[in-house]
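Structure record follows, encoded as structure tokens.
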Amino acid sequence: SLPAPRGPGGAQDGSSPAAAQRGAGSPRRPDGAMGPELEPLFQAWSCFRRRKFERCSELCAQLLRSPPGEQAAWSLKTRALTEMVYVDEIDMDQEGIAEMMLDENAIAQVARPGTSLKLPGTSQGGGPSPAVRPVTQSGRPITGFVRPSTQSGRPSTMEQAIKTPRTALTARPVTSASGRYGRLGTASMLTNPDGPFMNLSRLNLAKYAQKPKLAKALFEYIFHHENDVKNALDLAALATEHAQFKDWWWKVQIGKCYYRLGLYREAEKQFKSALKQQDMVDTILYLAKVYSRLDQPVTAVNTFKQGLDRFPGEVTLICGIARIYEEMNNISLAAEYYKDVLKQDNTHVEAIACIGSNHFYSDQPEIALRFYRRLLQMGVHNCQLFNNLGLCCFYAQQYDMTLSSFERALFLAENEEETADVWYNLGHVAVGIGDLNLAYQCFRLTLVNNNDYAEAYNNLAVLAMQKGHIEQARALLQTASSLAPHMYEPHFNTAILSEKVGDLQRSYTAAQKSEEAFPGHVDTQQLIQQLKEHFAML
């Protein structure tokens, strides 16, 4: 005899008539929920809470088509459209070429050592030298965590500014104030196939400014969705006047508008005024961001420390101090503050990654491996992490894990630049085990994936020099030095090669460029001294 068939719930059908009756209750809606139909406005609000913004916007649009257009539906649709394109202004910051090269807010052209982000190399914070830890175009050491501020170098010449920064691997926009926000604005039009939700030029801003709840939703819509900073600023100014200058929120929004327009001193005044009325962590972060843009890192650090007096143990403030010290090349102090971050929040990915990279470049790969393994346990699963794990395993002499980590990194790579990084590191592993043919293949594969990889050109030149291919090595070094003038290795290798073949003048010129890129390099100084003695004899 066959057993009775089982229903979807696991109980046998027919065993409980009550269960059968319950199953055939009221009709189900398409989304599977039981019960009567929800009121449209409440359903839209529910979609908004569950971050289904497109559905929420559609429901609100249906409500607004009916004759009495509800203010609640209008406000909710504005908020839903804003959330679709919302970007947090605190972390999002990228300088364009115009902001860097045509900056009128210069405080001091020749800043004292340790007081400027433009000359990070002047502050010797006990960190590893460029011989051990690679640096970006601006002279900052490569950090353990990619964020907008690590990708924006401060180049010394316009020609260098226009070149692609090696760390970001993307072309820099001409100006962040116009281009980037303009692109965001056009993308936001896709959220409304019927055209714009409201015509800003016909809005009576003074009327909306007198309704605080509607005004706040409207401001965020204009600022984030439409990217019309001028109209947003006008609305905020009218609203703060209506609130008799007692509402701190509007002062922060005016400060954000001024910052976006490049009026940093005015933004500073607004944020300070807002802080007098209401202590908020966000406002402190905005104020410190203004000081960083004005190239006043010491003032920014003091702002963070004053904030920590009022909000002890606030992770974002401690992390802000650590970031600034890292940008100033003061690695040891940055590591201390990142450790303080972990005391408050032991799952902070940025702090773990930065401490891990600091230990790796301080010749402690075993300790770095523990930090990266911690990230793996937390669920971070990407190409960069397995790449770092592979390097740590190799230098910690755990060879069984090295190649499997790099294989996983290659499998997880999302673009050609990430693949190039992995092949470059595999080339280093091959050099370490003495297999120069494998190293050559790996560096060639690096250039196949990313043709602008200066370090790979330099290392291929070194391999060519060992095989005695002088002209090929010289051509590769010339390519490397033109792609990355901030690196000292191509210049130094060119100097050594030219000195070997007797071209002393070219050797001296390249050695000077090497010394300019890395003043503390002893081998360069010795070579320059030898060349000077040669010239004196002539």
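The values are calculated or read from the model by the stated rules, or taken from the named source; none is laboratory data. Predicted, not measured: the structure shown is a model, and the values here were computed from it. We place every Cβ from the backbone using ideal geometry, glycine too, and count neighbours over all the protein chains shown. When the accessible area is computed, the model is the full protein with side chains, heavy atoms only, and any ligands, DNA or RNA have been set aside. Shrake-Rupley method; radii C 1.70, N 1.55, O 1.52, S 1.80 Å.
Residues in segment 440-477 that are part of a loop (DSSP other than H, G, I, E, B) and free of Cβ contacts under 8 Å to residues at least 40 places away in the same chain: 451, 453, 468, 469.
In summary, helices (runs of 4 or more DSSP H) completely within segment 1-88 and bearing 1 or more residues that are open to solvent by less than 50 Å² (accessible area, probe 1.4 Å) and modelled with pLDDT under 50 occur at 17-23.
Taking segment 391-439 as the region of interest, how many residues are polar (S, T, N, Q) and part of a helix (DSSP H, G or I)? Count: 6. Screening 422, 380, 429 for residues that are free of Cβ contacts under 8 Å to residues at least 60 places away in the same chain and closer than 30 Å to residue 313 by Cα leaves exactly one candidate, 380.
Taking first residues from segment 509-538 that are in contact (Cβ under 8 Å) with a residue 40 or more places away in the chain and buried (at least 19 other Cβ atoms within 10 Å of the Cβ) and partners that are assigned to a helix (DSSP H, G or I) and among the small types (Gly, Ala, Ser), the Cβ contacts under 7 Å between residues at least 6 apart in sequence or on separate chains come to 521/514.
Scanning segment 392-411 for residues being over 17 Å from residue 445 (Cβ atoms) and among the aliphatic types (A, V, I, L, M) gives a total of 2. Only one of the listed residues (269, 251) is surrounded by 23 or more Cβ atoms within 10 Å (Cβ to Cβ) and of a type in the set (Lys, Arg). That residue is 251. Of the residues making up segment 288-300, one or more are part of a helix (DSSP H, G or I), closer than 21 Å to residue 220 by Cβ and either at pLDDT below 90 or open to solvent by less than 40 Å² (accessible area, probe 1.4 Å) (or both). Considering 369, 342, the condition of being surrounded by fewer than 20 Cβ atoms within 10 Å (Cβ to Cβ) and under 25 Å from residue 133 (Cα atoms) is satisfied by 342 alone. Looking across segment 301-327, the residues that are among the small types (Gly, Ala, Ser) and over 19 Å from the mean Cα position of the chain (by Cα) come down to 307, 313.
For segment 320-337, the set of residues classified as without any contact (Cβ under 8 Å) to a residue 24 or more places away in the chain and closer than 17 Å to residue 300 by Cα consists of 321, 337, listed by residue number.
Listed here are the residues, each with its yes/no results for (1) over 28 Å from the mean Cα position of the chain (by Cα); (2) within 19 Å of residue 523 (Cα to Cα); (3) open to solvent by less than 20 Å² (accessible area, probe 1.4 Å).
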{"site": "429", "(1), (2), (3)": "yes, no, yes"}
{"site": "440", "(1), (2), (3)": "yes, no, no"}
{"site": "446", "(1), (2), (3)": "no, no, yes"}
{"site": "464", "(1), (2), (3)": "yes, no, yes"}
{"site": "471", "(1), (2), (3)": "yes, no, no"}
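Criterion applied to 206, 215 was being closer than 26 Å to residue 72 by Cβ, over 29 Å from the mean Cα position of the chain (by Cα) and loosely packed, with under 15 Cβ neighbours inside 10 Å, and the one residue passing it is 206.
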